[in-house]
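Have a look at the structure below, then the notes.
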Amino acid sequence: MSSKPEQKDAHQANGAVLPIVPMDCLTSPDRGQLVEPSDFLGPDGVGVEVVVLESRANAKGVREEDALLENGSQSNESDDTSTDRGPEPASPLKETSFSIGLQVLFPFLLAGFGTVAAGMVLDIVQHWDVFKYVTEVFILVPALLGLKGNLEMTLASRLSTAANIGQMDTPKELWRMITGNMALIQVQATVVGFLASIAAVIFGWIPDGHFSIDHAVLLCASSVATAFIASLVLGMIMIGVIIGSRKMGINPDNVATPIAASLGDLITLALLSGISWGLYKELESKAYVNPLVCAFFIALLPIWIIIAKKNAATREVLYSGWEPVIIAMAISSVGGLILDRTVSDPNFAGMAVFTPVINGVGGNLVAVQASRISTYLHMSGMPGESPETAPRKCPSPCSTFFSPDVNSRSARVLFLLVVPGHLVFLYTISSMQGGHTTLTLIFIVFYMTAALLQVLILLYIADWMVHWMWGRDIDPDNFSIPYLTALGDLIGTGLLALSFHVLWLIGDRDTDVGD
């Protein structure tokens, strides 16, 4: 650092002899830290002896140095600790099978009873004139019931993840998340409702070759109005559930999506039935009402788009989140076509009662699992990264259901809820029918087989899909649940129709469900 003559220069202070060392050499001007010992090496690498002056100024410097070293030690310890903790999930995901089951059980039963009520409503309204003469309304049923999976469950999963990772802790963050997400789902509900009506018209026209412009406008107005109002009501309920669950110390992932489904099916089906029935009554005397209703809700779109664009949390979803909801709507509409073709067939009596139940239960369970896996991955990094928590892209069934990690544990718990849950729901339907429903052992066996197979397939697909999306820099909260719930509708309706067909072939007609 200095030549030999400079090293011999010294001055006397308080009786101690020190080499002349400029103060700016003791500290780094840009970092404010003490220089390293290597800075006191001579040109040949020989160490230079430095005698420390025991003065008030130097004592202060020593104290400052000790403080810096202590802070640095604490910082290093903190860094080491955080590095060691990195792959581990945060505390909300450290749950036992019992705690998972306990938290999921009540919302699951609540959601199941909601689907039972929806099935009872569908069993009643299928005899209304609007369902008899505008049969394409049946195609709308799975599409609009699936809309709560496409929007409300996605909203619940998105807000649950935000709450778990601390993005809703302050009132300002909370308000920003609420306004942006509410505006976003109104945009999505209006657009998807309109597209669902077009799909219903097309699927209804292809087999029969019959097209009615009045019925097409009726379907459009009913679908858009139902989707808008249902999303508004359910979105507000979801926000309240997530905020309340966080304050009560409950993981929102376990309760938000089932509660969204519990009221979602019933509210959506009741709105669709009531709105379509009212508009059908006005079809002959006031034909202008249907186009006005459709135009009114579409005219509100620019307002919701502006609000959603101003929010950074929803801006990306507004631009890129259309693919899953539109494809999911198309998949659900295929399930609606199956329902439309079977509900009026005497050999498939009871399809209207059980379709919302089997589809709703499967969708609820897989939505819980997808939301949990997504939150687990978000706690370890960002989409596109390859943390140790997301190593597999095509898991084996054994790793999905029998590995020791928390997501496999939750998959086992959710799968074990299928049989007892459906038994309760079947008994409830049988009791509410007041003797009009006879459940035989062979019917229960076929029904349970279809329900178990549906949930087994969905949980495996969820494990693969969420990790696959994560590895491709896609946020599973926004993309996975729409696909999964739509597949649940299609698989559930198809397996249920197959079960009823087999029961008809073997002559088990004591299951006169819905007569």
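The values are calculated or read from the model by the stated rules, or taken from the named source; none is laboratory data. In this text, all values refer to a predicted model and were calculated from it rather than measured experimentally. Cβ sites come from the backbone with ideal geometry, for glycine too, and all protein chains shown count toward neighbours. For the accessible areas, the whole protein counts, side chains as well, though only heavy atoms, and no ligand, DNA or RNA atoms are used. Shrake-Rupley method; radii C 1.70, N 1.55, O 1.52, S 1.80 Å.
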Residue 287 vs (1) farther than 22 Å from residue 502 by Cβ; (2) open to solvent by 40 Å² or more (accessible area, probe 1.4 Å); (3) assigned to a helix (DSSP H, G or I): all pass except (3)
State whether the residues of the range 193-208 include one that is open to solvent by 30 Å² or more (accessible area, probe 1.4 Å) and more than 30 Å from residue 338 (Cα to Cα). no
Restricting attention to the range 308-326, the residues that are open to solvent by 70 Å² or more (accessible area, probe 1.4 Å) and of a type in the set (A, V, I, L, M, F, W, C) number exactly 1
Being under 20 Å from the mean Cα position of the chain (by Cα) and open to solvent by 30 Å² or more (accessible area, probe 1.4 Å) is the requirement here; does residue 129 meet it?
no
Exercise for review: With respect to residue 149, determine if the residue is at pLDDT 80 or above, buried (at least 21 other Cβ atoms within 10 Å of the Cβ) and part of a helix (DSSP H, G or I).
Suggested key: no
Given (1) open to solvent by 50 Å² or more (accessible area, probe 1.4 Å); (2) more than 20 Å from residue 151 (Cα to Cα), residue 166 misses just (1)
Taking the range 340-369 and keeping residues open to solvent by 10 Å² or more (accessible area, probe 1.4 Å), more than 16 Å from residue 265 (Cα to Cα) and in a helix (DSSP H, G or I) leaves 340, 341, 342, 346, 347, 348
query: Does residue 240 qualify as being of a type outside the set (D, E, K, R), under 26 Å from residue 124 (Cβ atoms) and surrounded by fewer than 24 Cβ atoms within 10 Å (Cβ to Cβ)?
result: no
In the range 321-339, anything within 16 Å of the chain's Cα centre (by Cα) and part of a helix (DSSP H, G or I) is listed as 322, 323, 324, 325, 328
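Per-residue answers, yes or no, for (1) over 23 Å from residue 324 (Cβ atoms); (2) without any contact (Cβ under 8 Å) to a residue 40 or more places away in the chain; (3) of a type in the set (S, T, N, Q); (4) not in a loop (DSSP other than H, G, I, E, B):
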residue: 181; (1), (2), (3), (4): no, no, yes, yes
residue: 196; (1), (2), (3), (4): no, no, no, yes
residue: 205; (1), (2), (3), (4): yes, yes, no, yes
residue: 220; (1), (2), (3), (4): no, no, no, yes
residue: 223; (1), (2), (3), (4): no, no, yes, yes
residue: 232; (1), (2), (3), (4): no, no, no, yes
residue: 242; (1), (2), (3), (4): no, no, no, yes
